[in-house]
Each structure stands twice: as structure tokens, then as C-alpha cells.
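Please read the structure below before turning to the comments.
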Amino acid sequence: MEPLSHNIKHVAVIMDGNGRWAKQRSHPRVWGHVRGSAVVSHIVQEADDLGIEALTMYAFSSENWSRPQTEVLVLFNLLYKFLKKERARILKNNIRFKIMGDISNLPEQTKKLIGQLESETAHHTGLKLTFAFGYGARAEIAYAVNRFMKANPGKDITEDALNEYLMIPDLGDVDLLIRTGGDHRVSNFMLWQIAYAEMFFTETKWPDFTITEFRYIIEQVAKRERRFGAVAPATSLQDNIIVARENQRILRG
Ligand code: IPE
Ligand code: IPE
Ligand code: MG
């Protein structure tokens with residue numbers, strides 16, 4: 001495929017719509033999770049091929065604990081299976097793998113596998129692949145502030161300091177947030193890091209999401225102008241002259 005020119009470094013994905021996808025096909029919700037988990041590997045591969053530096057996938061939120069226990073167990077199992085299946089490819093492709101969130105309630109064997117893969121890939125310099133699991137952004141911000149206060153008693157926290165105390169500081173700000181499944185909300189995902197992210201919401205439910213749509217989104221978003229609160233660069237000398245004249249007029253009153 002054609003190489004794609006873009007300056008998107010960190011992509012975050014809210015993989016939503018699995019349950020509805022299954023329901024539409026008269027299957028139990030968990031069938032949607034099974035099909036959805038197969039999509040993840042393709043997107044990881046494509047992100048790597050497109051030269052994206054960090055890919056953060058929302059797999060299980062802190063609020064998802066309130067789902068039926070059977071569904072929660074299926075999601076744990078799928079995480080375990082994914083790690084088992086993808087381990088070799090993650091190692092081969094120099095991918096750095098991390099989990100972001102509270103996984104203390106996960107089965108011991110899953111925690112062990114996560115620990116192994118995290119340490120085996122800690123020195124990897126390729127794609128930073130992160131699964132947000134048991135993750136909530138408000139909890140992450142509280143965690144960062146608490147750690148800062150312990151380390152710096154009596155000091156005021158700054159934006160830079162907060163960045164340093166996040167769960168995985170080197171992920172940096174999110175450039176692009178994609179949500180599948182048709183809802184237009186962020187559901188407690190990376191609230192601090194998306195301050196200036198471009199947002200892309202698609203109706204496609206996660207199990208139907210393809211690398212073609214992923215590429216299309218990157219292509220579309222790469223064309224957008226990101227201003228970060230500034231103005232677009234002046235297009236011509238003529239513009240600057242007009243602005244200078246206007247300013248003089250305002251100052252004169
Ligand atoms: C997203 O799909 C996966 C998780 C939240 C774990 P959902 O399970 O939320 O699917 P819908 O939104 O109910 O269709
Ligand atoms: C967000 O989806 C969490 C994940 C995709 C893991 P939800 O389905 O939990 O979000 P809401 O409930 O629609 O906001
Ligand atoms: Mg959902």
C-alpha cells in the first residue's frame with residue numbers, strides 16, 4: 001500500500017459497539033467481544049506500518065466493572081488469549097507493551113503474563129502499545145496528584161509535574177482520539193491527555209472496523225489544521241499589512 005504522510009504520533013482508540021454488533025446478529029453480547037478482539041491485532045499492525053509512535057486502546061474501563069460477572073470474565077479471558085497469541089509478534093516487531101490501569105483484580109496467570117511481556121519489551125524502541133484496562137482518567141489524575149504530593153510535600157503542582165506523574169508519562173498528549181460505535185463521548189478516557197486531540201467518531205461498530213477505515217481516518221485527520229489556540233500562519237505579506245493597518249486604526253481609537 002502507498003505510504004501515508006502524516007504527523008500523528010499518538011492515537012487513542014475507544015473500541016466501542018461490540019455488544020450492539022452481536023445483538024444485531026441475535027448473538028449474546030460476548031460474541032461481539034470475541035469478534036472485536038480479532039480486530040485489535042490488525043489495527044496494531046497497521047498503526048506500526050503507518051509509523052505511529054503510540055497506540056493506546058481502551059479495552060476495559062473502571063466503570064465496566066459494573067457489568068455482569070460473566071461478561072467481565074470473558075473480557076479477562078480475551079485479554080489473556082490476545083497476549084498469548086500476539087506475544088511473538090510483539091517481540092519480533094520491537095513493540096513496547098504496557099497495561100495502563102488497575103489490574104489488581106485480574107486472575108494471577110493474566111497478571112503474570114502481563115508482567116512478563118512488560119519486562120520483556122521494556123527496552124523496545126518501536127510502537128508503544130498500551131492497553132487501558134481497569135482504567136479511568138479521573139482516577140489517573142488523582143493518582144498523579146497524590147504521588148506528586150507525597151514526593152513534593154507542600155509544593156504546588158504544575159502542568160509539567162502532573163504530566164510526569166501520570167501512569168505512563170512518556171505516551172505524551174493524544175493527537176487523535178477515535179471512537180467507534182456511534183456515540184460521541186469520551187467515557188472517562190485520557191481526559192488530561194486529550195486536551196488538544198483531534199476527535200473522530202465513526203458509526204462503525206468495533207468488530208466491523210478495518211485497517212482501510214483506520215487509514216482513511218488518519219488520512220482525513222492529517223489534513224485538518226491544528227491551531228492549538230493560535231491563529232493560522234498568515235498566508236501572505238498582504239495579510240500582514242492589512243492586520244498592521246487595522247491595529248493602528250484600533251489604537252488611534
Ligand atoms: C466495547 O463494547 C467494549 C467494552 C466496553 C469492553 P461494548 O460492550 O460497550 O458494546 P456496546 O457499546 O454495548 O455495543
Ligand atoms: C467505553 O465504552 C469503554 C471501552 C470501550 C472500554 P462503554 O461502552 O463502557 O462506554 P459508555 O458506557 O457507552 O459511556
Ligand atoms: Mg459500549
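Observations
- Whole-percent carbon and sulfur share, accessible surface of the chain, 1.4 Å: 52
- Highest-fluctuation residue, Thr210, Thr180, Thr158 considered, GNM on the chain with Cα pairs under 10 Å: Thr158
- Square roots of 5 times each gyration tensor eigenvalue, C-alpha, the chain, largest first, Å: 36, 24, 19
- Per residue, in Å², the accessible surface of region 15-97 once ligands and nucleic acids are set aside, probe 1.4 Å: 50
- Over region 125-231, accessible surface divided per residue gives 53 Å², non-protein components excluded, 1.4 Å probe.
- Rounded to the nearest 500, the 222 nm mean residue ellipticity of the chain from helices alone is -15000 deg cm²/dmol, with -39,500 (n - 2.57) taken per DSSP H run of at least 4 residues.
- Rounded to the nearest 20 debye, dipole of region 40-125 from Cβ charges on Lys, Arg, Asp, Glu: 360
- Pairs over the 27 Å Cα-Cα cut-off, from the set Lys81/Lys150; Lys23/Lys112; Lys85/Lys128; Lys128/Lys205: Lys81/Lys150; Lys23/Lys112.
- Proximity of backbone amide H atoms, modeled 1.01 Å from N, is registered between Met15 and Tyr58 at under 5 Å, excluding neighbours fewer than 5 places apart on the same chain.
- Rotationally averaged projected area of region 118-253 (alpha carbon convex hull; nm²): 14.8
The values are calculated or read from the model by the stated rules, or taken from the named source; none is laboratory data. The model shown is predicted, which means the values in this text are computed figures rather than measured ones. Virtual Cβ from ideal backbone geometry, glycine too; neighbours counted across all protein chains shown. All accessible areas refer to the heavy atoms of the entire protein, side chains included, with ligands and DNA or RNA removed. Shrake-Rupley method; radii C 1.70, N 1.55, O 1.52, S 1.80 Å.
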